1. Do any residues in the range 11-25 that are without any contact (Cβ under 8 Å) to a residue 24 or more places away in the chain have Cβ atoms under 7 Å from those of residues that are part of a helix (DSSP H, G or I), where the two are at least six apart or on different chains, and which pairs are they?
2. Is there any pair with a first residue in the range 60-85 that is closer than 14 Å to V5 by Cα and a second that is not hydrophobic (A, V, I, L, M, F, W, C) whose Cβ atoms are under 6 Å apart and which are 6 or more apart or on different chains, and what are they?
3. Within the range 20-37, which residues are in contact with a Leu (Cβ under 8 Å, 6 or more places away or on another chain) and outside any helix (DSSP H, G or I)?
4. Within the range 161-207, which residues are among the polar types (S, T, N, Q) and either in contact with a strand residue (DSSP E or B) (Cβ under 8 Å, 6 or more places away or on another chain) or surrounded by fewer than 18 Cβ atoms within 10 Å (Cβ to Cβ) (or both)?
5. Name every residue in the range 133-154 that is in contact with a His (Cβ under 9 Å, 6 or more places away or on another chain) and aliphatic (A, V, I, L, M), in order of residue number.
6. Those residues that are part of a helix (DSSP H, G or I), within 20 Å of the chain's Cα centre (by Cα) and more than 20 Å from L210 (Cα to Cα), I need them from the range 264-300; list them, please.
7. Against the conditions (1) at pLDDT below 95; (2) among the small types (G, A, S); (3) farther than 19 Å from G158 by Cβ, where does G58 fall short? Just the number, please.
Amino acid sequence: MKHTVFIQTNPVQIIGALVAEYALRRNSAHNDKFDIRIINTTDHPFYAAHEGKTYLRGKTRRTWLNADLQSFTTTRFMPPELMGYEGRAVVIDPDVFAIADVWDLFSRDMQGKAIMARSRDGAKGRFDHCMATSVMLLDNAQLTHWKVEEQFESMFRGELDYMDWICLKTEDRDSIGLLEPEWNDLDHLTAKTRMLHTTKRKTQPWKTGLRVDFRPPEPTRIPLSPVTLYHRARRKLGVALGKSEYFGLGHYRQNPDPNQERFFFGLLKECVEKGIVSEDMVREEMRLNHVRHDALEVLDRVQPLAPFPEPPLPLPAG
C-alpha cells in the first residue's frame with residue numbers, strides 16, 4: 001500500500017482542499033511514491049445525522065453545525081481506519097499548503113512513534129499541552145484504536161471532550177514525537193517554511209470581505225469569562241432574531257502578509273490554467289460565499305510563482 005496524504009475538508013473549504021492537493025503534487029519530486037485523498041464530511045453520513053445536536057467541547061455543550069468552516073476537524077483521525085491500519089499517512093487541513101516535498105515527511109525516521117505533530121503555540125500550547133493535529137505524520141499500524149464514528153458518537157453522549165480528542169490528550173504522550181514547526185507554520189511564511197498553515201481563519205486569503213462563518217474560540221479554563229458570556233449572549237440573540245450563531249462576528253479581513261495571499265492565489269491561478277479548478281467553479285464558490293467575490297480579479301493580477309524546487313517567493317531568511 002502506498003503512503004497517502006489525506007486532506008480534510010467540508011463543502012465550505014473545498015477550494016482550499018483542491019489547492020492544497022495541487023501544492024503537494026507541484027512541490028514534490030516523488031509523486032510516484034504516494035497517493036492523495038480528500039476526505040469530505042459529506043461522504044460520511046454520520047456528520048449530517050448529528051446536525052443541531054449538542055456535544056461536549058471544552059467542558060460545555062455546543063451545537064454541531066455541518067456548515068461551520070471547521071466541521072471537518074474530526075476527520076483528521078480517519079486515515080488509519082481508511083488505510084486498514086497499514087502504511088503511513090500524512091494528514092493536513094484544507095488551509096495547509098506545501099512548499100517543500102512531502103516525501104521528506106514520509107521517509108523520515110519516526111523513532112517508533114505512532115504520531116508526529118507540532119505543539120500548539122499560544123494559550124492552548126502553554127496551558128493545555130495541546131498538539132496541533134492539523135498536520136500529522138501517522139504510523140497507522142499503531143493506531144488501531146482510532147475509530148472515528150465511535151469516538152464522534154461519544155462526544156454527543158458526553159463521554160469524550162472534543163478538545164481532549166483534537167489535542168491528542170487521549171493518546172499516550174510517549175507515542176507522540178515532535179515535528180519541526182516549519183512543517184505546520186502557523187500564519188508564518190519564511191524561507192524555512194515547509195508547509196504554510198493559514199490557521200487564523202479571519203484572515204484566510206480566499207475569504208477576504210465575506211461574512212464570518214466560523215465560531216470563535218471561547219476560554220475553557222474560565223467557563224464564565226467575559227468572552228465566553230459575551231459569545232453565549234451573542235449566539236442566543238442571533239438565533240432569536242432568526243439569524244445564525246455567527247451573528248455579530250463581522251467580516252473576514254485581508255491577510256496582513258501580502259506574500260501569503262500571493263502564494264495562495266499563485267497556486268490557484270496555476271490550478272485554473274491546468275484545468276484542475278475551473279473558472280465556473282470559482283464563480284460558483286463566490287456565489288455560495290465560500291470564496292471572496294473579487295477572486296477572479298485577484299487571479300488576473302497575481303504574479304506567477306517560481307517553479308519547484310526554487311523558493312516560490314522572494315522571502316527574507318528569518
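The values are calculated or read from the model by the stated rules, or taken from the named source; none is laboratory data. Since we're looking at a predicted model, the values are computed, not measured. For neighbour counting, all protein chains shown are included, and Cβ atoms are generated from backbone atoms with ideal geometry for every residue, glycine included.
1. These pairs meet every condition: R25/N31.
2. Going by the 6 Å Cβ cut-off, the qualifying pairs are T75/Q8; R76/Q8; R76/T133; P80/N140; M83/N140.
3. Just the residues of the range 20-37 that are in contact with a Leu (Cβ under 8 Å, 6 or more places away or on another chain), to begin with: 22-23, 26, 36-37.
Across the range 20-37, the qualifying residues are I36, R37.
4. In the first step, residues of the range 161-207 are kept if they are among the polar types (S, T, N, Q); the result is 170, 175, 184, 190, 193, 198-199, 203-204.
Within the range 161-207, T170, S175, N184, T190, T193, T198, T199 qualify.
5. Across the range 133-154, the qualifying residues are V135, V148.
6. Within the range 264-300, G266, L267, C271 qualify.
7. Single failed check for G58: (3).
Table: residues versus (1) part of a loop (DSSP other than H, G, I, E, B); (2) more than 16 Å from the chain's Cα centre (by Cα).
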| position | (1), (2) |
| --- | --- |
| E150 | no, yes |
| L160 | yes, yes |
| D164 | no, yes |
| K169 | yes, yes |
| P205 | yes, no |
